[in-house]
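The values are calculated or read from the model by the stated rules, or taken from the named source; none is laboratory data. Please read all numbers here as calculations on a predicted model, not as lab measurements. Neighbour counts are summed over all protein chains in view; Cβ atoms, including those assigned to glycine, are modelled from backbone coordinates with ideal geometry. Keep in mind that these areas ignore ligands, DNA and RNA; they rest on the heavy atoms of the full protein, side chains included. Shrake-Rupley method; radii C 1.70, N 1.55, O 1.52, S 1.80 Å.
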Amino acid sequence: MPHRSVTTESPWVRRLLIAAAFVVLSLFLLLPLAAVFAEAFRKGWEVFLASLHEEAAFSAIKLTLIAAGISVPLNTLFGVSAAWLVTKFRFRGRSLLLSLIDLPFAVSPVIAGLVWVLLFGAKGWFGPWLADHDIKIIFALPGIVIATVFVTFPFVARELIPLMETQGSDQEEAAVILGARGWQIFFRVTLPNIKWGLLYGVLLCNARAMGEFGAVSVVSGHIRGETNTLPLHIEVLYNEYQFSAAFACATLLAFLALVTLGMKTAVEQLTGHQSSNHK
Amino acid sequence: MSISIQSIRKTFGAYTALEDISLEVPNGSLTALLGPSGSGKTTLLRIVAGLDFADPGPGRIAFHDEDVSEISARKRGVGFVFQHYALFQHMTVAQNIAFGLSVLPAAQRPQKSEIRDRVLELLKLVRLEGLDKRRPHELSGGQRQRVALARALAIRPKVLLLDEPFGALDAQVRKDLRRWLRQFHDEIGLTTLFVTHDQEEALELSDQVVVMRNARIEQVGKPQNVYDHPRSPFVYEFLGNVNKLHEGKNVRYLRPHEIEVLFAAECNPATDLLARVHHLFSAGPIATLTVKLTDGQFLDVELSRKYLDELSLSIGDEVAVRLAEVTD
């Protein structure tokens, strides 16, 4: 007789629920993904490749890679420092800091973008000073990077805080007593213990950094071939009725999402495997 | 090296963890800090290690006359074994033990081959030969504890501090390891201070037991002395089983073995009390008997199984109990 616990529904209810879940997921998640690829290849390989080879597309890809290339390492650094600070030390204002880390998740990306325009825009608080010193932030790469950093800040920290919280500081204390200095403790004890969580956080952070639309859209100014990131470029193409080209570029982002998902699953399996060994 | 603790105070906000603690741990001794949870014993151990600092004031910690109060944990040179061992999970047993040597500045760091030899020597000392390539999660609780011990000893510490060394182990392993640790201590002769809430462990293992309660030291002495002459009702109750006998307004404390059981017919009204057998239990050579006095109070009595068999009592029988003379 198959094992049944009191909280389990009868087999046919279970099957029905599972089937329903698959239908809903397919309709809402898989169908759009399939549509992206179908639309992209509708006019054939040549149009697909041509849309990616176009100069504006090329510069959008380049800008996206540069923006992510700057903001992901920065946020890895910030995230690790923030998680280290709030989990290894008890201090006044700690809970305020914890809430602040979550702020970018709570604020709409558009508002996040507008804040930077208000601060650094031509008519913003620091606008005149920046103009006097010939520094361009809004409608330029620095603005895009700042907006991306702001929006993706919580990913790494949020991933690490619960992990480091459960690990406690026992191993760090043991290392101190054995004579290790701060940097030795971090690189030889703390980092190896959080490496999978960190990788996971960095992956999610990168996915979001490359895909960010709202905040970047506000600060970039949509200058074609200059300040358009890949998501913005797709929007421009779409608005110009170049559907095949828009979807061709979209496949790049979709592909990135699939790769992230695959790597995330791999990391989960590796860590799941490890933690089951620990007990 | 002796440990000298003088006038240590520690508060966490409004909570007082340690109230003016002074204690001498003699060179080469094995001293137990015994007390219920919240008595401050772990805080005291952490302050000796340098993991916590005492409140500013006259308090100081010295190792063999050298004041170490201001020396950081990193430079204090103590061996510390954590309650849950705190082994580095991603390192092998050998890497764990070598850690303290491998983080030394290049000028002081021994050669790789020397470190290797020291690790093997320590593994032999804690009887874990051949396990050097294992990882902590592949070891049993008792093995992990001995790795933690070897790791602590690798830096040739001045003193050894153990936080609830047997807290996370099964009853059987505990007993074996307790005996082993005593023997081990006698071999290496390192001044050792350990924290425990288990009175049996403290009495059986230590040369000196320090009973703590509510941030203060209640009593210090040799285990036998503290057990036989408890200075307060708390120590009486905390160390071993005890009967509380209310005699009018006074409370008298009696160990179960300090009560004698006789046939009711032998009762001498001047010294003895009449009672009825309430419960009987015997496992091994010692039997426990619970009797109910005529005024309704219960007493636990320990007597030899052989004697109990001679009395051949059953529940409900009337007996006489003779209480030990008050000695102090």
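Quick notes on this structure:
- Criterion violated by A:S169 - all others in (1) of a type in the set (G, A, S); (2) free of Cβ contacts under 8 Å to residues at least 60 places away in the same chain; (3) surrounded by fewer than 19 Cβ atoms within 10 Å (Cβ to Cβ) satisfied: (2)
- Strands (runs of 3 or more DSSP E) contained entirely in segment B:152-256, each with at least 2 residues that are under 11 Å from the mean Cα position of the chain (by Cα), surrounded by 13 or more Cβ atoms within 10 Å (Cβ to Cβ) and at pLDDT 90 or above: B:159-163, B:192-196, B:208-213
- Residue that is within 14 Å of another protein chain (Cβ to nearest Cβ), polar (S, T, N, Q) and either loosely packed, with under 15 Cβ neighbours inside 10 Å or out of contact with any helix residue (DSSP H, G or I) (no Cβ under 6 Å at 6 or more places or on another chain) (or both), where the choices are B:T16, B:T31, B:T42, B:T11: B:T42
- Selection within segment B:45-85 - open to solvent by 40 Å² or more (accessible area, probe 1.4 Å) and within 14 Å of another protein chain (Cβ to nearest Cβ): B:R46, B:F53, B:I71, B:S72, B:R74, B:K75, B:Q83, B:H84
- A single entry from B:R109, B:R134, B:R151, B:R146 fulfils the requirement of being away from chain A (no Cβ under 14 Å) and out of contact with any Cys (no Cβ under 9 Å at 6 or more places or on another chain): B:R146.
- One residue from B:V81, B:V25 being over 25 Å from B:Y227 (Cβ atoms), hydrophobic (A, V, I, L, M, F, W, C) and in the same structural domain as B:F194 (by TED's automatic domain parsing): B:V81
- A:F187 vs. criteria of a type outside the set (G, A, S), surrounded by fewer than 17 Cβ atoms within 10 Å (Cβ to Cβ) and within 14 Å of chain B (Cβ to nearest Cβ): yes
- Members of segment A:70-95 found to be open to solvent by 10 Å² or more (accessible area, probe 1.4 Å) and aliphatic (A, V, I, L, M), listed by number: A:I70, A:V72, A:L74, A:L77, A:V80, A:A82, A:L85
- Filter result for the condition that a residue is at pLDDT 90 or above, under 29 Å from A:L114 (Cα atoms) and β-branched (V, I, T), over A:V218, A:V189, A:V202: A:V202
- Within segment A:13-42, tally of residues that are open to solvent by less than 70 Å² (accessible area, probe 1.4 Å), of a type outside the set (S, T, Y) and over 15 Å from A:L230 (Cβ atoms): 11
- Scan of segment A:14-50 for residues that are in contact (Cβ under 8 Å) with a residue 12 or more places away in the chain and under 24 Å from the mean Cα position of the chain (by Cα), ordered by number: A:L33, A:V36, A:F37
- Condition met for A:A175 (within 14 Å of chain B (Cβ to nearest Cβ), outside any helix (DSSP H, G or I) and either open to solvent by less than 60 Å² (accessible area, probe 1.4 Å) or at pLDDT 90 or above (or both)): no
- Residue count for segment A:116-125 under the criterion of being open to solvent by less than 100 Å² (accessible area, probe 1.4 Å) and either part of a loop (DSSP other than H, G, I, E, B) or of a type in the set (A, V, I, L, M) (or both): the result is 5.
- Residue in segment A:126-136 that is open to solvent by less than 40 Å² (accessible area, probe 1.4 Å) and away from every other protein chain (no Cβ under 14 Å) present: yes
- Residue in segment B:212-231 that is closer than 17 Å to B:L33 by Cβ and of a type in the set (G, A, S) present: yes
- Of residues in segment A:239-279 being within 27 Å of A:G44 (Cβ to Cβ) and not in a helix (DSSP H, G or I), the one modelled with the lowest pLDDT: A:Q242
- Restricting attention to segment B:82-121, the residues being over 20 Å from A:Q167 (Cα atoms), touching a residue at least 12 places away in the same chain (Cβ under 8 Å) and among the polar types (S, T, N, Q) number 1.
- Residue within segment A:210-227 that is touching a residue at least 60 places away in the same chain (Cβ under 8 Å), within 14 Å of chain B (Cβ to nearest Cβ) and open to solvent by less than 30 Å² (accessible area, probe 1.4 Å) present: no
- Every residue from segment A:43-69 that is in contact with a helix residue (DSSP H, G or I) (Cβ under 6 Å, 6 or more places away or on another chain) and either of a type in the set (F, W, Y) or open to solvent by 70 Å² or more (accessible area, probe 1.4 Å) (or both): A:K43, A:F48
- Residue within segment A:159-171 that is under 26 Å from B:R76 (Cα atoms), within 12 Å of chain B (Cβ to nearest Cβ) and outside any helix (DSSP H, G or I) present: yes
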